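This report refers to the structure that appears directly beneath it.
The values are calculated or read from the model by the stated rules, or taken from the named source; none is laboratory data. What you are looking at is a predicted structure, and each value in this text was computed from that prediction instead of being measured. Counting neighbours? That spans all protein chains shown, and the Cβs are built from the backbone with ideal geometry, glycine included. For accessibility, only protein heavy atoms count, side chains too; no ligands or nucleic acids. Shrake-Rupley method; radii C 1.70, N 1.55, O 1.52, S 1.80 Å.
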Amino acid sequence: ICMDFKGNVYTRSKNGYQFQSESVFYNSKTRIISSPNDIKMMGPSDQKEKGMTLTGNKMMTNVNDSKMKIESNVKAFKQLKNGKKFEITSHSAEFSSKDNSAKFIENVKIQVDSMQMEGPEAQFQYKSGSDFLQSILLKGGVKVSDYDKFATSESVFFDPDQDQFVFKGKPRVVQNN
């Protein structure tokens, strides 16, 4: 059985994520939910802050695997508990409700206030049952820059709660030239 929903369609996942698109298709045989249109995703709020808002083009969700992929033009925004604004762009993104993770792929740029991180891939880990970001791992050759400094390495582990970075794989830091 295939079902087509058209005209400002809203859906909600069991873990609290809300999705909005002009059309959504469901195939009960393959258990795939898809949308060929622009998509907006709103993450669940926790006690301290609002959830993440994400936009992109084309969505496919495999219900059996609890995985969703936004295929292009991904842009996300979140207000962190310390008041900092968190923005991310990438070519595509994958989300898993099984392990509370997200992966942003290709041309990843993350902006947190004046600091920017860039790399080919970023893996986000969230606290179970919430939209609370525990950590980010950028890998594949990463650049981190701020007003008067920049650093490069093969990978960077970022803990937003502690505002701490761990650079691995040929780290190089330049400050004030």
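Find the residue count for the stretch 69-81, including only residues that are of a type in the set (S, T, N, Q) and without any contact (Cβ under 8 Å) to a residue 24 or more places away in the chain.
Total meeting the criteria: 2.
Considering only residues that are open to solvent by 20 Å² or more (accessible area, probe 1.4 Å) and assigned to a strand (DSSP E or B), look in the stretch 105-114 and name the one that is farthest from Leu138 (Cα to Cα).
Of everything passing the filter in the stretch 105-114, Gln111 is farthest from Leu138 (Cα to Cα).
Among the residues of the stretch 46-59 satisfying the criterion of being part of a loop (DSSP other than H, G, I, E, B) and open to solvent by 80 Å² or more (accessible area, probe 1.4 Å), which is modelled with the highest pLDDT?
Lys50
Counting only residues that are open to solvent by less than 40 Å² (accessible area, probe 1.4 Å) and modelled with pLDDT of 90 or more, which one in the stretch 10-31 is farthest from Gln125 (Cα to Cα)?
If we take residues in the stretch 10-31 being open to solvent by less than 40 Å² (accessible area, probe 1.4 Å) and modelled with pLDDT of 90 or more, then Ser23 is farthest from Gln125 (Cα to Cα).
Taking the stretch 132-162 as the region of interest, how many residues are open to solvent by 50 Å² or more (accessible area, probe 1.4 Å), out of contact with any Leu (no Cβ under 7 Å at 6 or more places or on another chain) and part of a strand (DSSP E or B)?
Residues in the stretch 132-162 being open to solvent by 50 Å² or more (accessible area, probe 1.4 Å), out of contact with any Leu (no Cβ under 7 Å at 6 or more places or on another chain) and part of a strand (DSSP E or B): 8 in total.
Tell me, yes or no, whether the stretch 74-81 has at least one residue that is crowded, with 18+ Cβ neighbours inside 10 Å and modelled with pLDDT of 95 or more.
Yes: the stretch 74-81 contains one or more residues that are crowded, with 18+ Cβ neighbours inside 10 Å and modelled with pLDDT of 95 or more.
Scan the stretch 89-107 and report the pairs whose first residue is at positive phi and whose second residue is outside any strand (DSSP E or B) and surrounded by 14 or more Cβ atoms within 10 Å (Cβ to Cβ), with Cβ atoms within less than 8 Å and a gap of 6+ or a chain change.
Glu106/His91; Asn107/His91
Within the stretch 42-54, is there a residue that is more than 30 Å from Gln162 (Cβ to Cβ) and either in contact with a Phe, Trp or Tyr (Cβ under 8 Å, 6 or more places away or on another chain) or basic (Lys, Arg) (or both)?
no
Can you find a residue that is polar (S, T, N, Q), modelled with pLDDT of 85 or more and within 23 Å of Ser13 (Cα to Cα) anywhere in the stretch 62-71?
Checked against the condition, which is being polar (S, T, N, Q), modelled with pLDDT of 85 or more and within 23 Å of Ser13 (Cα to Cα), the stretch 62-71 yields at least one hit.
Search the stretch 82-104 for residues being touching a Pro at 6+ places or on another chain (Cβ under 9 Å) and outside any strand (DSSP E or B), and hand back the single one that is least open to solvent (accessible area, probe 1.4 Å).
My answer is Lys84.
Within the stretch 116-127, can one find any residue that is in contact with an Asp or Glu (Cβ under 7 Å, 6 or more places away or on another chain), in a strand (DSSP E or B) and not aromatic (Phe, Trp, Tyr)?
Within the stretch 116-127 (the criterion being in contact with an Asp or Glu (Cβ under 7 Å, 6 or more places away or on another chain), in a strand (DSSP E or B) and not aromatic (Phe, Trp, Tyr)), the answer is yes, since at least one residue qualifies.
Taking Ser35, is it of a type outside the set (Phe, Trp, Tyr), over 20 Å from Ala122 (Cβ atoms) and buried (at least 16 other Cβ atoms within 10 Å of the Cβ)?
Yes.
Name the pairs whose Cβ atoms lie under 8 Å apart, with the first residue in the stretch 1-13 and assigned to a strand (DSSP E or B), the second surrounded by 10 or more Cβ atoms within 10 Å (Cβ to Cβ) and of a type in the set (D, E, K, R), and 6 or more positions between them or separate chains?
Listed by first residue and then by second, the contacts come to Lys6/Glu22; Gly7/Glu22; Asn8/Glu22; Val9/Glu22.
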